[in-house]
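Visitor: Mind having a look at this structure? Questions to follow.
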Amino acid sequence: MKKRLRLTVIELWLLLIMLGSIILTIWPQLEVVKEARDKQECVANLLSIIMAIRLYEAKEGVEYNDRAIKGLVSKGYLSEELICPATGDYYRIDPEDDLAFCPSGRPGHRWPLQE
């Protein structure tokens, strides 16, 4: 007669409790990783916008004074209007303060156009 391996109800509950505690400890770290990913994507998008503005100014010989990025897209300096990964809104430019910024308004999501 073969001996069968069986889980008791207590062992099953212990297994579920361990799995639940592992998931609960990992979940906040996933949010931190997502936030870091969004921030890196935001900074990369802002740098792309700034490089497109600098290319526009160098090629056209005039300052870019538009608040929207549509002008850069229509003239071929950007392939598409970039979207904030956190909010889904479009990035904006403030030519008066020489800033490109993310609509999320989070710290670290403003970038000077000139250095």
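Visitor: Checking E63 against (1) in contact with an Asp or Glu (Cβ under 7 Å, 6 or more places away or on another chain); (2) exposed (fewer than 14 other Cβ atoms within 10 Å of the Cβ); (3) within 17 Å of S104 (Cβ to Cβ), only one condition comes out false. Which one?
Guide: The failed condition is (3).
Visitor: Okay, moving on. With respect to V43, is the statement that it is out of contact with any helix residue (DSSP H, G or I) (no Cβ under 7 Å at 6 or more places or on another chain) and either surrounded by 14 or more Cβ atoms within 10 Å (Cβ to Cβ) or polar (S, T, N, Q) (or both) true?
Guide: Yes.
Visitor: Residue under question is Y56, and the condition is that it be among the hydroxyl-bearing types (S, T, Y), farther than 13 Å from C102 by Cβ and assigned to a helix (DSSP H, G or I); does it hold?
Guide: For Y56, the condition - among the hydroxyl-bearing types (S, T, Y), farther than 13 Å from C102 by Cβ and assigned to a helix (DSSP H, G or I) - is met.
Visitor: Would you tally the residues in segment 50-101 being within 30 Å of V33 (Cβ to Cβ) and free of Cβ contacts under 8 Å to residues at least 60 places away in the same chain?
Guide: Residues in segment 50-101 being within 30 Å of V33 (Cβ to Cβ) and free of Cβ contacts under 8 Å to residues at least 60 places away in the same chain: 22 in total.
Visitor: Let me ask something else. Give the residue that is nearest to C84 (Cα to Cα), with candidates limited to residues of segment 10-29 that are at pLDDT below 90 and surrounded by 10 or more Cβ atoms within 10 Å (Cβ to Cβ).
Guide: L12
The values are calculated or read from the model by the stated rules, or taken from the named source; none is laboratory data. This is a predicted model, so every value here is computed, not measured. Positions of Cβ are generated from backbone atoms using ideal geometry, with glycine treated the same way; all protein chains shown enter the neighbour counts.
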